[in-house]
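Structure first, then comments.
Values quoted throughout were computed directly from the atomic coordinates according to the rules given, and no laboratory measurement underlies them. Because the structure is predicted, anything quoted here is derived from the model rather than measured. Please note: Cβ atoms are built from the backbone with ideal geometry, for glycine as well, and neighbour counts cover all protein chains shown.
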Amino acid sequence: MFEIEIVPALSDNYVYIAHDAAAGATAVVDPAEAAPVLAALERRGLRLTHILNTHHHLDHIGGNAELVERYGAPVIGPRADAARIPGLDVEVGDGDTYTVGSQTAADAARIPGLDVEVGDGDTYTVGSQTARVFDVPGHTSGHIAFWFEESRALFCGDTLFALGCGRMFEGTAEQFWSSLGKLRALPDDTRVFCGHEYTQSNARFALSVDPDNEALKAASRRIDDLRSRGERTVPSELGEEKVANPFLRADDPAMQRLVGMEGEAPEAVFAEIRRRKDTF
Ligand SMILES: [Zn+2]
């Protein structure tokens, strides 16, 4: 299992440090800036082994160069956005898996009790956390998400937010709706580690569309309480998102009725909800 630390960065970004002690693996997801990540790693005496990027926006890759310089960690990111992420070492896309936790032979040999012969240049996987990769275009055309099933952790960048979704900068409503459908298909107990603390404003918008949704009302009360104490609202649970997040319900007749589009195509309903949020 990954032990996941949430590192606030810039004004409202979340960077994630995912540490697997058994594997000696420590990954950072979407380092907006290097300084708070370096401080967190140094405080815990951890050595960074992997850098995962969900998309090319600077507030998700801004810390890459400094972290690579310090730790020499490989950068893993979207194949479809490779040209826009400087220094990308490993390109991944829909259907790929990526395992965090391979170590060099030199490191593996320092772990007591290992009964393996390793030599110069070998790699050996010591424990591992494998992510399934999804292409989730919409916010950007090359956006990906990493799902670590064993850790129940979804790193989805700016595609799915707690009670919201990212702005549609580069994709189409058809693409974005299809992307959200891939994430919605994951198990209810999946923890959603998204890119920003936007939850409270997302909740206000969601309630404006869907004021009588009991699950949403309960979530909103909890979120207001957390934010009043300055606490973060991430991660959320996917099961709750499925019933409370309006952007995951564009094919739900109840949601379609609420926006006056009963029986219309889900992507059109999604586009309408997204349009309303943009001007909320
Ligand atoms: Zn973004």
- Item | Projected-area mean, the range 201-264, by convex hull of Cα positions, square nanometres | 4.2 nm²
- Between residue 208 and residue 231, what length in nm is gained on full extension when 0.36 nm per residue of separation is reduced by their alpha carbon distance? 5.9 nm
- Task: Extending each Cα 7 Å along its Cβ direction at residue 218 and residue 276, get the distance between those two points in nm, one decimal.
- Result: 2.3 nm
- Give me the orientation-averaged projected area of the Cα convex hull of the chain, in nm², one decimal. 15.1 nm²
- What Kirkwood radius, in Å to one decimal, follows from the Cα pairs of the range 158-280? 14.4 Å
- Order of 252-264, 88-100, 54-66 by packing, highest average Cβ count within 10 Å first? 54-66, 88-100, 252-264
- Task: Would you mind telling me which residue in 179, 220, 11 has the biggest mean-square fluctuation in a Gaussian network model of the chain, where springs connect alpha carbons within a distance under 10 angstrom?
- Result: 11
- Query: Using a simple charge model, +1 on the beta-carbon of Lys and Arg, -1 on the beta-carbon of Asp and Glu, nothing else, what dipole does the chain show about its Cα centre, in debye to the nearest 20?
  - Reply: 780 debye
- How long is the gain from residue 89 to residue 259 if the chain were fully straight, where each residue apart is worth 0.36 nm and the alpha carbon distance is subtracted? 56.8 nm
- Item | Distance from the range 173-204 to the range 1-28 (C-alpha centre basis), Å | 19 Å
- Task: If a/c stays under 1.5 just call it rounded; otherwise compare a/b with b/c (prolate if a/b is bigger, oblate if not). Do that for the range 2-102, with a ≥ b ≥ c from the square roots of the Cα gyration tensor eigenvalues.
- Result: oblate
- Query: For the peptides 159-172, 68-81, 134-147, what is the packing order when you average, over each peptide's residues, the other Cβ atoms within 10 Å and list the highest mean first?
  - Reply: 134-147, 159-172, 68-81
